[in-house]
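Everything below concerns the one structure shown next.
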Amino acid sequence: MTIEIKGKVKVLNSTEQVTEKFSKREVVVTIDSDSKYPQDISIQAVNDKISLLDSVQVGDSITIFANLNGRESKG
């Protein structure tokens with residue numbers, strides 16, 4: 001499922017090399033900043049998608065299209 005997130009970049013972490021073949025980079029986006037209760041959403045870019053964040057800076061207004069996935073809790 002693909003979702004669209006529009007907001008302002010609050011945090012842009014550096015790339016983390018997890019294993020030889022897997023790296024990730026986290027960005028935190030503030031949505032609904034004009035509302036009484038703004039929300040911070042953490043999004044991870046992995047492997048080949050990390051380069052999409054190279055031109056992004058803290059404070060930028062951005063739109064992110066992300067794949068939302070999860071797992072059923074077991075216990």
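The values are calculated or read from the model by the stated rules, or taken from the named source; none is laboratory data. Since the structure is predicted, the reported quantities are computational estimates derived from the model, not experimental observations. Just so you know, the surface numbers come from the protein's heavy atoms only, side chains and all, with ligands and any DNA or RNA stripped out. Shrake-Rupley method; radii C 1.70, N 1.55, O 1.52, S 1.80 Å.
Once you order the gyration tensor axes a ≥ b ≥ c over the Cα atoms, which shape class does the range 1-59 get: rounded for a/c under 1.5, otherwise prolate or oblate by comparing a/b with b/c?
Values: a/c = 2.48, a/b = 2.04, b/c = 1.21.
It comes out prolate by the Cα gyration axes.
Mind ranking LYS36, LYS49, LYS24 by accessible surface for me, highest first, 1.4 Å probe? Provide the component values of the computation, followed by the final result.
On the way: LYS36 165, LYS49 110, LYS24 50 Å².
The ordering from most to least exposed comes out as LYS36, LYS49, LYS24.
Among LYS24/LYS74; LYS8/LYS74; LYS21/LYS74, which pairs are too far apart, with a Cα-Cα distance over 31 Å?
LYS8/LYS74
Provide the per residue accessible area, probe 1.4 Å, for the chain, rounded to a whole number of square angstrom.
Details: 6010 Å² over 75 residues.
It amounts to 80 Å² per residue over the chain.
Rounded to the nearest percent, how much of the accessible area of the chain (1.4 Å probe, protein heavy atoms only) is carbon and sulfur?
Details: 2810 of 6010 Å².
The computed percentage sits at 47.
At a probe size of 1.4 Å, how large is the accessible area of VAL46, to the nearest 10 Å²?
50 Å²
Using only alpha carbon pairs under 8 Å that are at least six residues apart, calculate the relative contact order of the chain and give it in whole percent. Numbers along the way, then the final one.
Details: 125 pairs, mean separation 29.8, N = 75.
40 percent.
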